[in-house]
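The values are calculated or read from the model by the stated rules, or taken from the named source; none is laboratory data. What you see is a predicted model; the values in this text were computed from it and never measured. Glycine also receives a Cβ, built like all others from the backbone with ideal geometry; neighbour counts cover every protein chain displayed.
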Amino acid sequence: MTEVAHRLMVVDDSNVIRRRIERANELPGVEFVGAARNGVEALALYEAVHPTLVTMDLTMPEMDGAECVAKLVQRDPDIKILVISALADKLTAIDALEKGASGFLCKPFTDRQLNEALRKLIRT
């Protein structure tokens, strides 16, 4: 059995995307610990599961991804956040990176692209 080195939380308002990311994670040592539909839920879930790795959508109701990134990084400067969003959100993605996100992946994406982006994040 592989030792868990990273705890993955998925944040996206689309149930389809949340489930897809959860199923696509093939990385040894990465354990899925929870999913949230928006930034407000993500902050509450963070307190319960303390993830080390997060995938973050940008366009969500209640609290968008960029604001949530800033709040998560404030709570845990070592957290690694992969922003996953459509290219139309490029300026928002840059904002999220400036607020502390560690990487960016464009929608739509393949399982291979997702796993490579997560692997790259873990190595940094």
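Here is a list of conditions, (1) at pLDDT below 95; (2) farther than 22 Å from ARG119 by Cβ, and ALA5 meets all of them except one; can you say which number that is?
(2)
Working only within the range 89-121, note down all residues that are surrounded by fewer than 15 Cβ atoms within 10 Å (Cβ to Cβ) and not charged (D, E, K, R).
Scanning the range 89-121 gives LEU91, ILE94, PRO108, THR110, GLN113.
Which condition number in (1) of a type in the set (A, V, I, L, M); (2) touching a residue at least 24 places away in the same chain (Cβ under 8 Å); (3) within 22 Å of GLN113 (Cα to Cα) is the one that VAL16 fails?
The number of the failed condition is (2).
Output the residues belonging to the range 29-69 that are over 11 Å from the mean Cα position of the chain (by Cα) and among the charged types (D, E, K, R).
Across the range 29-69, the qualifying residues are GLU31, ARG37, GLU41, GLU47, GLU62, ASP64, GLU67.
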